[in-house]
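For reference, the structure is listed below as structure tokens.
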Amino acid sequence: MKKTILVLLVAGCTFIAFTLGYFKLQNTHYTQQLTSENITLKNELLGYTRFNDYLTEGKRQLLEQSKLVTAQIVRQEGVTRVIEKKFFGLSSGAIVAISYTAEYSFGYDMRPENYTLVKTSSGIEIKLHRPILLVSPSARDLNYRILSSGMFTDPKSAVIQLYQGIEKEMQINAEKLRADEAVLALCEKKLVLFVHHFLMKQPGVKMVPNISVNYVD
């Protein structure tokens, strides 16, 4: 009888020890799983704000690669001029039309001290001056037509003078284009895409929020 009771006690203790060990093992596994899930979740959440760590580097990249945010405007332009000449009180005139392909390059002054790139409550804000003409405009494929010629005028020689005046004409057009909404939109699009693509390529970045462009002038 005593032997039977002893066997039962040993068996019971063994079962209890096994049960406690099993639950301890399960609890350890569950704790490790929770820890792993918490780390994963934390990394995921950090990925949605990690972009903020690279904004300073983004400004440096914009300075070095500012050509990538340049908006090239290529369009056909033309001018028509009336050439008048007087000879012994008699006046004579000719009409000459000049056409050419004009090229303009607009972009931002991306020197770090001239703009800010910061995180805001609504995303990322770029605050800077409006686009400027980066280089002097150029003209190619110049052509002319003499619409009418006068008795005392030499339209061909006058065309040379008109060609020389095209640069001034293009500077005037450049100022108009600088304020054009379509040009502003193109410049903003290139700037926003550059910043977005740069940030998305950085380690740990899962998401880049909305990027807005605001002007100080």
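The values are calculated or read from the model by the stated rules, or taken from the named source; none is laboratory data. The shown structure was predicted, so the numbers you read here are calculated from the model rather than taken from an experiment. Neighbour counts are summed over all protein chains in view; Cβ atoms, including those assigned to glycine, are modelled from backbone coordinates with ideal geometry.
If I ask for residues that are free of Cβ contacts under 8 Å to residues at least 60 places away in the same chain, in a strand (DSSP E or B) and farther than 19 Å from residue 162 by Cβ, which ones from the stretch 121-147 would you list?
132, 133
Being under 25 Å from residue 76 (Cβ atoms) and modelled with pLDDT of 90 or more: is that true of residue 186 here? Talk me through it step by step, then tell me what you get.
Values: under 25 Å from residue 76 (Cβ atoms): yes; modelled with pLDDT of 90 or more: yes.
Against the criterion (under 25 Å from residue 76 (Cβ atoms) and modelled with pLDDT of 90 or more), residue 186 qualifies.
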